[in-house]
1. Only one of these is within 30 Å of B:ILE305 (Cβ to Cβ) and of a type in the set (S, T, N, Q): B:SER84, B:SER52. Name it.
2. How many residues are within 14 Å of chain A (Cβ to nearest Cβ), touching a residue at least 60 places away in the same chain (Cβ under 8 Å) and in a loop (DSSP other than H, G, I, E, B) when one looks only at the range B:242-274?
3. Within the range B:1-59, how many residues turn out to be within 27 Å of B:ARG183 (Cβ to Cβ), at pLDDT below 95, in a loop (DSSP other than H, G, I, E, B) and not β-branched (Val, Ile, Thr)?
4. Can you go through B:ILE277, B:ILE305, B:ILE314 and tell me which one is away from every other protein chain (no Cβ under 13 Å) and closer than 30 Å to B:MET168 by Cβ?
5. Go through (1) touching a residue at least 40 places away in the same chain (Cβ under 8 Å); (2) within 14 Å of another protein chain (Cβ to nearest Cβ); (3) surrounded by fewer than 23 Cβ atoms within 10 Å (Cβ to Cβ); (4) aromatic (Phe, Trp, Tyr) and name the single condition A:PHE100 misses.
6. Can you spot a residue in the range A:233-246 that is more than 29 Å from A:LEU169 (Cα to Cα), among the hydrophobic types (A, V, I, L, M, F, W, C) and in the same structural domain as A:GLY72 (by the TED database)?
7. If we keep just the residues of the range B:111-156 that are among the basic types (Lys, Arg) and either without any contact (Cβ under 8 Å) to a residue 40 or more places away in the chain or in contact with a strand residue (DSSP E or B) (Cβ under 6 Å, 6 or more places away or on another chain) (or both), which is most open to solvent (accessible area, probe 1.4 Å)?
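The values are calculated or read from the model by the stated rules, or taken from the named source; none is laboratory data. This structure is a prediction, so every number in the text was calculated from the model and none was measured. Here Cβ is always computed from backbone atoms with ideal geometry, including for glycine, and neighbour counts include all displayed protein chains. Ligands, DNA and RNA are stripped out before the accessible areas are found, and what is left, the full protein with its side chains, is counted by its heavy atoms. Shrake-Rupley method; radii C 1.70, N 1.55, O 1.52, S 1.80 Å.
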Number of protein chains: 2
Amino acid sequence: MELVDLTLFLTGLSLTVALDNGLLRTPPMGWMAWERFRCDIDCTYDPKNCISEGLFRDMADRLVEDGWKELGYEYVIIDDCWVSKQRDDQGRLQPDPTRFPGGIAKLARYIHDRGLKLGIYSDMGSHTCMGFPGTTLDKIEIDAQTFASWGVDYLKFDGCYSNPVEQMLGYPQMSKALNATGRPIAYSCSWPAYLGGLPPNVNYSLLGEICHLWRNYDDIQDSWDSVQGIIEWFASNQDVLQPAAGPGRWNDPDMLIIGNFGLSVEQARSQMALWAIMAAPLIMSNDLRNLDNWATAILQNKAAIAINQDPLGIQGRRLVQEKSHIDVFWRPLSNSASALVFLSHRTDMPFLYHTSLAKLNYQPGNYMVYDVFTSSTVTRLKASTDFTVSINPTGVVMWYVYPQQQSQRLHLHHQQHRKESHVRYRKPKAESTVL
Amino acid sequence: MELVDLTLFLTGLSLTVALDNGLLRTPPMGWMAWERFRCDIDCTYDPKNCISEGLFRDMADRLVEDGWKELGYEYVIIDDCWVSKQRDDQGRLQPDPTRFPGGIAKLARYIHDRGLKLGIYSDMGSHTCMGFPGTTLDKIEIDAQTFASWGVDYLKFDGCYSNPVEQMLGYPQMSKALNATGRPIAYSCSWPAYLGGLPPNVNYSLLGEICHLWRNYDDIQDSWDSVQGIIEWFASNQDVLQPAAGPGRWNDPDMLIIGNFGLSVEQARSQMALWAIMAAPLIMSNDLRNLDNWATAILQNKAAIAINQDPLGIQGRRLVQEKSHIDVFWRPLSNSASALVFLSHRTDMPFLYHTSLAKLNYQPGNYMVYDVFTSSTVTRLKASTDFTVSINPTGVVMWYVYPQQQSQRLHLHHQQHRKESHVRYRKPKAESTVL
């Protein structure tokens, strides 16, 4: 109850901050340390994996040398556990001296020299989630200035060890302080995740004015249960969440965990597909030095990335939730195109799902379909024609769909290997046309 | 309560059946249709995957041509949905005529000609689980004779659509009827799974006398949740289950689902490792025509198979269940060897687990360790020496361990590729020796 009142109170404030500063017109892409490397600070025993400047330089090198940067993955983001247990004698945050001996400014130069951007982490509260010094209300200005002075391009502002009143004051204040530095800094707010992610506790209009993106829900873990739970929460609450997103303001279902230990190939495709549909940040947390080829192929899928980065910036929605445990998601894209994802929650065998574009609310006409993960195409698919897709357990079929008459060429890059289409055609019935 | 009385009653019977007939001195290995292909009977629409003689011939071909048979995978087992809706005019079961036009005897010849063995499915009850004709008490003898006349080598006898009294009568009666045919037929009983899998409802002494193997628990599904749930149930109840197993009598935690859609590489290794520790049947249910190389490598891992097939036939146990969500499993093997599995239930990042062989109840002395999935070896590991293993989330480290003095050579085949060992060594401490 208290929260409701506070939020209503805040909504009434005339905020002078305006984060519509041209940043993140499409969802951010990059790499972040947390899910894969957590708070590993033992550099003596685990020098290659501990949270240290070497880890971030390694990842920057990989982003540049392995084709990530040219696809749009540009942010290298430090998460918790980088900061020294003590502020310096001028009250400024400083990095742990043994793990970041060169300092953050030098690391930022290393990253900028490679055409990448640096993100950093702080916490609205007395301590970070792992117990390092946080940013209390009185430290917001100095911390924003410190980050800007180092050349930081992105701030993840967490919310452990603060109460709702402090958060209500601190998150807008940090937005204002970042703006006041004069440096364009993308601002990621964990605030709504600490308020349950939904109105009335969360005011998404306000968030869109002060933050570029925000974490709505639980931290992702390295398991399909976690990914599926996040997808389900976002779909169940899409009436609230979907309208909140747009250029410069994004819901953040958390990091991509593709390439780690807990997802099968099918499940990895499902995360990539749904994150594209949800217009989610594509921020990987994995070990770019040790990725299986299949994981790299999924994360570097140009069509999935293009759908995620569509300039209209309209978040997609779940259209259909079948009793057969098939869900259909849809996202409108520029040039009258759209994306469809057929997701199976089954755990038995490939499921043959019968539908038509008309049943999925498409207008009459002919469409061209490009299958994002097989690179196969179907031409002149009539909206009224029944078709069947074979969806693997915990997997997806993902389509980029566009009107046939509008263009004969694909708007999206084709991928290297053409494979068998997932689409099968039903035997003719009286009421359906065969392709 | 009724069940308890019935079981006690039955225990008192002097059964003349003796299934200690030399079959399955080690756990059976092979392939079974159910988990991957279920009850797909639409051969018009899905000819390559429907339950039909072609599917079993395909799998037999793959077993022979792709190296499975020489590793021990020899049974090709038909599950539900093979039978015609009607018995023949002599009251015998007959296969569906459109899907098995050549009949089962011809399929058996095809399979025998390739040095393999054929398994079939029936159900103690009025119907099979999918609603096909079952084997009622009055049909047990004729069905056993029919299967033997076809050349069947293995029967999975399910328990849908029967009550505990019928099961109590029918399962021993089928054992006797199979014996009476004179053909050696391995006998897999689903009985305990229908009684909750535990005493007093289940009498494992009796089961060991009448069945070669038995399903104790739920059907496996294509997900890590399912695999993990099965492992947990078997470990939680090991005091009852572990002594029940031995040559010719095996607990069956259900099929290997490696190569399907729901398991990550780590999780697939975990299933293989735990099935080896549990002396479980290695019966795959996957599409042998379409396996990823990594799945084949795990299923064909010679060391894991050798551990599973150890001639002593002693089922392993969970030794340790740590608060850190690491479990340690152990299985004694012939030649004073043993197997250890370190399993992580974590969903964050690789975990460094510190222990020693002495802490895992090993006698003082030097040991040689062979890492089953990396093919690396460690020599002269003193039982008292502290070591550290790095265990990936939902993954395992699996060791074959044997006394150094006994033999300088490996008892197990090395695999092709040597990789970095999972073992790391701690810095010296006063109380620990460094390797």
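1. Details: B:SER84 fails: within 30 Å of B:ILE305 (Cβ to Cβ).
Checking each option against the conditions leaves just B:SER52.
2. The number of residues fulfilling the criteria is 5.
3. Qualifying residue count for the region: 8.
4. B:ILE314
5. (2)
6. In the first step, residues of the range A:233-246 are kept if they are more than 29 Å from A:LEU169 (Cα to Cα); the result is A:235-236.
In the following step, the residues that additionally are among the hydrophobic types (A, V, I, L, M, F, W, C) were identified as A:235.
From the residues that got through so far, the ones that are in the same structural domain as A:GLY72 (by the TED database) too are A:235.
Within the range A:233-246, one or more residues are more than 29 Å from A:LEU169 (Cα to Cα), among the hydrophobic types (A, V, I, L, M, F, W, C) and in the same structural domain as A:GLY72 (by the TED database).
7. Residues of the range B:111-156 among the basic types (Lys, Arg): B:114, B:117, B:139, B:156.
Checking which are either without any contact (Cβ under 8 Å) to a residue 40 or more places away in the chain or in contact with a strand residue (DSSP E or B) (Cβ under 6 Å, 6 or more places away or on another chain) (or both) leaves us with B:117, B:156.
Working: B:LYS117: 68, B:LYS156: 16 Å².
The selected residue is B:LYS117.
Okay, residues lined up against (1) touching a Phe, Trp or Tyr at 6+ places or on another chain (Cβ under 6 Å); (2) among the β-branched types (Val, Ile, Thr); (3) surrounded by fewer than 20 Cβ atoms within 10 Å (Cβ to Cβ); (4) within 14 Å of chain B (Cβ to nearest Cβ):
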site: A:SER162; (1), (2), (3), (4): no, no, no, no
site: A:ASN179; (1), (2), (3), (4): no, no, yes, no
site: A:HIS212; (1), (2), (3), (4): yes, no, no, no
site: A:ASP218; (1), (2), (3), (4): no, no, yes, yes
